[in-house]
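The values are calculated or read from the model by the stated rules, or taken from the named source; none is laboratory data. This structure is a prediction, so every number in the text was calculated from the model and none was measured. With ideal geometry, Cβ positions are generated from the backbone for all residues, glycine too; neighbour counts draw on all protein chains shown.
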């Protein structure tokens, strides 16, 4: 079995970010490899860039020798190139992509002119489809057939006898996702029709969960949050009529529209903070991958306990493994990394840290896998903190006040209990002590991977 | 106990006979008897240093922040206390017992009680969270790995 995840548009990229963290935390079923692809005409999108960085970090350290009997890093990730796949190219307008100039005086050309406004046709699409799914649908339908290597790669995997689960994620209220989800799902279904018994396609449709206020670009073509609900209504009507599009469909949204701190049409400035809705969407992907290949369609509703609050108990699956991973990352970022930096600079003595003497003999802490893990750990901590500090939604996953300083000021000995309420009695001292206790692992567990494995294990309750 | 036995055995055999005959109203067996009392007392008081270090490292030290690890200053302070006991107790207690000691005895006490009874012992008995705090502990293999 192979898992494929296809992110479509900016919201899809943010779901991909959450899924990347869940995958690295070992929350995907079995040890299957996850292939990640992205479709986004806005290749410089800040959200996509953040995810891309995390993925590239993991690509470097995913082969650390942590052993096979742990959930840590058990699901490897491969990035499907080109990443992201840009269906529009550079500085192209809808007219360019549709090759309107060949049809300008034909009946088809006339119909096209009726369907699309002059502004829609003339706006360059470097920053996505700007909340206009009608543009995206036309471009993707034309370009996916000849531009994407995804289908060819999946066909190759299937022809080798493997089954494939493909999961698509995107918004139904914006531009790229709303256009891409049904279009790509339909094209994949058609292209892989010969292998229907070995392919399952699922999708998460993200409903509106944020809002924004445009600033000084009123004459430009861009998404408007006041259109989100009408767009969603139209999209849901479409999906209700196309019930065979996905083998499993997940809908995730929020009743509170979280305001985006800084509006951007797209590009590198579009760096929206992580949201719990995206985490739920990523959990939907994990749920889809864990189901049998051709499971009967089921309809489930999940909700959280309190209308305006979200806590670990609202996780649709067991949160313990994820919490353990969170403790592991926070222990690394706030306790281990500062010590490593001090040791490298010579301002700390190794004898103070028995785990350093025991595990870091012969380990180059400036090696790429160590450096990339450190970058990743900081990105994960920042991501979880962003979810915690949502504007407009009360989330109680971690006590973010505990982590305002880096390294954390250990004012409360129950630091790690703050990560998940009162379940854990772990203290920093306990972490230090556990790290020094006897640790037997098979010979394949070695180097920096051995230390990470040990740290992960001691972060269990 | 082993340190006391070693200090007694070495002290009484290396220089004990000469020291006994140099003392007033003393023979070798009486000197041995009093020297045994001296080494036993020194060993008991010295043993408290190693015990104190173990108890502190096991029950009292906490690592509340990364830079708070180590505690070598406390270990070194107890090492100095051990040395003071190894030298001070014989220095003060021997006149009370009426026996004479020489530099070799003091040297042996320092090596056996402070070197072996505190330093060497703490290398192998320090709780794991502070296992490399005793000087040179890293050269004796990695405990608990």
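Residues of region B:104-141 being without any contact (Cβ under 8 Å) to a residue 12 or more places away in the chain and either assigned to a helix (DSSP H, G or I) or more than 14 Å from every other protein chain (Cβ to nearest Cβ) (or both), which ones? B:107, B:111, B:115, B:120, B:138, B:139, listed by residue number.
Taking the conditions exactly as written (modelled with pLDDT under 85 and buried (at least 21 other Cβ atoms within 10 Å of the Cβ)), does residue B:113 satisfy them or not? For residue B:113, the condition - modelled with pLDDT under 85 and buried (at least 21 other Cβ atoms within 10 Å of the Cβ) - is met.
Looking at this structure, is residue A:343 at pLDDT below 85, assigned by TED's automatic domain parsing to the domain that holds residue A:360 and in contact with a helix residue (DSSP H, G or I) (Cβ under 7 Å, 6 or more places away or on another chain)? For residue A:343, the condition - at pLDDT below 85, assigned by TED's automatic domain parsing to the domain that holds residue A:360 and in contact with a helix residue (DSSP H, G or I) (Cβ under 7 Å, 6 or more places away or on another chain) - is not met.
Scanning region A:349-362 for residues that are within 37 Å of the chain's Cα centre (by Cα) and within 11 Å of another protein chain (Cβ to nearest Cβ) turns up A:353, A:354, A:355, A:356, A:357, A:358, A:359, A:361.
Those helices (runs of 4 or more DSSP H) of region A:1-102 in which 3 or more residues are assigned by TED's automatic domain parsing to the domain that holds residue A:161 occupy A:9-24, A:46-61. Among the conditions (1) surrounded by fewer than 17 Cβ atoms within 10 Å (Cβ to Cβ); (2) within 14 Å of another protein chain (Cβ to nearest Cβ); (3) at pLDDT 90 or above, the only one that residue B:72 does not satisfy is (1).
When restricted to residues that are away from chain B (no Cβ under 14 Å) and surrounded by fewer than 19 Cβ atoms within 10 Å (Cβ to Cβ), region A:315-343 contains 7. A search for C-beta distances below 6 Å between a residue of region A:425-441 that is more than 7 Å from chain B (Cβ to nearest Cβ) and surrounded by fewer than 19 Cβ atoms within 10 Å (Cβ to Cβ) and any residue that is in a loop (DSSP other than H, G, I, E, B) and modelled with pLDDT of 80 or more, counting only pairs 6+ apart in sequence or on different chains, returns A:441/A:67. Residues of region A:308-319 include none that is at pLDDT 80 or above, closer than 14 Å to residue A:384 by Cα, outside any helix (DSSP H, G or I) and not assigned by TED's automatic domain parsing to the domain that holds residue A:436.
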